[in-house]
Amino acid sequence: MSIFFAIIIFGLLIFIHEFGHFIIAKKNGVRVVEFSIGMGPTIFSFGKGETKYSLKILPFGGACQMLNKEFAGEEETVMDMEKSFESKSVWSRMAIIFAGPFFNFALAFVLALIVIGFAGYDPAYVTSVAEGSAAEEAGLQPGDIITEYDGSGIDIGRELYLEQYIDGIGGAPIEITYERDDKEYTTTLTPIYNEKYMIGIKFLSDENPAEITEVIAGGPLEKAGFKAGDIIIEIDGTKINSGKEFSQYTSLHPMTDKAVNIVVKRGDETMEADLTPVMGLAGYETGFNYNTARYEGSALDVIKYSFIEVKYQIKMVFKSLGMLFTGQLGVNDFTGPVGIVDAIDTVYEGSQEDGAWYIFLNLANFTILLSANLGVMNLLPIPGLDGGRLVFLVIEAVRGKPVKHEEYINVAGMLLLMVFAMYILFKDIINLF
């Protein structure tokens, strides 16, 4: 079943992206020779007007092949070439190229309207403040709505998680802006260094199943054989239905040197282990918890927070790319179609107990992430990608003439990207075993 959902999601993402190129090309009078979904041998095709529409066997990739001088046949006349991509103004070509990623962002927005309309949004308010903590000293109180954290604007709780997870919490003072009783305040919070027992886990404290997002290397959880993607369903005999419930339990029952019993679900199997926490989580703490649960809003809230959702997903992609340059992530942290199918399977398996509607909502939420990711990655200034082609068009607009050998540079870039994609595919297959 997960394979079926993966094909639907991949097909939708590719169709929307290529349709963006297609519709804007048509609007600018460019002849689209072939519009295809998939790669490899053609399953079936048909012609309508001047375009051939094709469905190909591999559900990865697609193409909107426009008439251009490189692929023009001998039968093409001078009048035909007036419909070529190159014959259009540089601004028209830029619009055609940009349309693909833009339509991916538009898809993410439409899906966000559905998800937020039914599941709600996660306002970034303070849920609790620890006694004697840095947050208490800074004057934060439960119910305060965080609007800015260390220079970054905050609209939803997950943005706070993103800032703390990726940038970490150090000993430097953090400036926080918050709202209380419709008034805005700014305070400075200096994190306090603390040591506590840990089992080596990271997870999202939200209403979704308590899925492990990261297992700390060398920690008790890793030694017990658990891994990212496992879903915690029980701790010391207490049933856990969500990340929020797991967070609440650990807040009320801090880890000590005594063993805890953890039960997780991995696909259709369950795993159980007794873990002895270790004194090892030494670091700085802000002393406040914040909301990541979703709440219903008005129709205007749904529209507003759908834009915010797309912004958040784009922000997350850029943050992740930044981690490549800081060494927090490496090439082996990339994932391809196989890894994405595995992630879709995890979402599907984790949603089954809640019924078909929640399967749809959770898969739609995952598709928002993929669509925003595809839009951003395609806009990177790398030859062979839409972003690389846009760079050449910007240079052409400034210089007044095309970049020499642009097509060969793009082909070389595409070949390198294909080699990289094959490496990621091979790595993902190896990781399955």
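Can you tell me, using C-alpha contacts under 8 Å and at least 6 residues apart, the relative contact order of segment 302-393 as a whole percent?
Details: 45 pairs, mean separation 21.4, N = 92.
With pairs under 8 Å counted, the relative contact order is 23 percent.
Over all other residues within a Cβ to Cβ distance under 10 Å of G287, the charged ones net out to -4, with Lys and Arg as +1 and Asp and Glu as -1. Straight Cα distances below 20 angstrom link K27 to the aspartates and glutamates E18, E50, D80, E82, E86, D386, with same-chain residues fewer than 8 positions distant left out.
Under a Gaussian network description of the chain, with springs only between Cα atoms under 10 Å, the residue in T367, T147, T213 that fluctuates furthest is T213. For L385, the amide hydrogen comes within under 5 Å of no other amide hydrogen, counting only partners 5 or more places away or on other chains and with H modelled in the peptide plane. Highest GNM mean-square fluctuation, the chain, Cα pairs closer than 10 Å: which of K223, K52, K401? With Cα springs under 10 Å in the chain, the top fluctuation among K223, K52, K401 is at K401. A simple count of charges around F246, restricted to other residues whose Cβ falls under 15 Å of its Cβ and scoring Lys, Arg +1 and Asp, Glu -1, yields -4.
Using Cα-Cα distances under 8 Å and only pairs 6 or more residues apart, what relative contact order does the chain have, in percent?
Numbers: 761 pairs, mean separation 71.9, N = 433.
Answer for the chain is 17 percent.
Packing-based ranking of 60-69, 264-273 yields 60-69, 264-273, ordered from highest to lowest mean Cβ neighbour count within 10 Å. Given a 10 angstrom Cα cut-off, can you work out which residue in P191, P254, P402 is the most mobile in a GNM of the chain? Largest GNM mean-square fluctuation: P254. Find which of F334, P41, M255 sits farthest along the positive direction of the dipole of the chain, computed with +1 on the beta-carbon of Lys and Arg, -1 on that of Asp and Glu, about the Cα centre. Of the options given, the answer is P41. Against the chain, whose longest principal axis is taken from its Cα atoms, helix 243-252 shows a tilt of about 20°. Under 5 Å from the amide H of T147 lie the amide H atoms of T177, Y178, E179, each residue being 5 or more positions distant or on a separate chain, with H modelled from the backbone and absent for Pro and chain starts. The charge dipole of the chain, taken about the Cα centre with unit charges on the Cβ atoms of Lys, Arg (+1) and Asp, Glu (-1), comes to about 1680 debye, rounded to the nearest 20. Bridging of K26 to lysines at a Cα separation below 23 Å is possible for K48, K52, K56, K69, K83, K88, once same-chain residues fewer than 8 apart are set aside.
Relative to the longest principal axis of the C-alpha atoms of the chain, give the angle of the C-alpha long axis of helix 90-119, reported between 0 and 90° and rounded to the nearest 10°. Value to nearest ten degrees: 40. Rounded to the nearest 10 degrees, the inclination of helix 337-351 to the longest alpha-carbon principal axis of the chain is 50 degrees.
Relative to the globular-protein estimate of 2.2 N^0.38 Å, the Cα radius of gyration of segment 225-362 stands at 1.27. In straight-distance terms, cross-link reach from K258 covers every one of the lysines whose alpha-carbon lies under 17 Å from its own, apart from those fewer than eight places away in the same chain; here that gives K196, K223. Kindly identify segment 200-275 as rounded, prolate or oblate by the Cα gyration tensor criterion: order the square roots of the eigenvalues as a ≥ b ≥ c, call it rounded if a/c is under 1.5, otherwise compare a/b with b/c, prolate if a/b is larger, else oblate. Rounded shape, in that the Cα axes give a/c under 1.5.
What is the sum of charges around K258, taking Lys and Arg as +1, Asp and Glu as -1, for the other residues whose C-beta is under 11 Å from the C-beta of K258? All intermediate terms of the calculation are to be shown ahead of the outcome.
On the way: positive: none; negative: D236, D257, D274.
Net local charge, K258 excluded: -3.
Close amide H pairs (under 5 Å, H built 1.01 Å from N) link D206 with G243, K244, residues at least 5 positions away or on another chain. Calculated mean residue ellipticity, 222 nm, the chain: -15000 deg cm²/dmol, from DSSP H runs (n ≥ 4) at -39500 (n - 2.57) each, averaged per residue and rounded to 500.
Throughout, read-outs are computed from the coordinates displayed, never taken from laboratory work. What you see is a predicted model; the values in this text were computed from it and never measured. Counting neighbours? That spans all protein chains shown, and the Cβs are built from the backbone with ideal geometry, glycine included.
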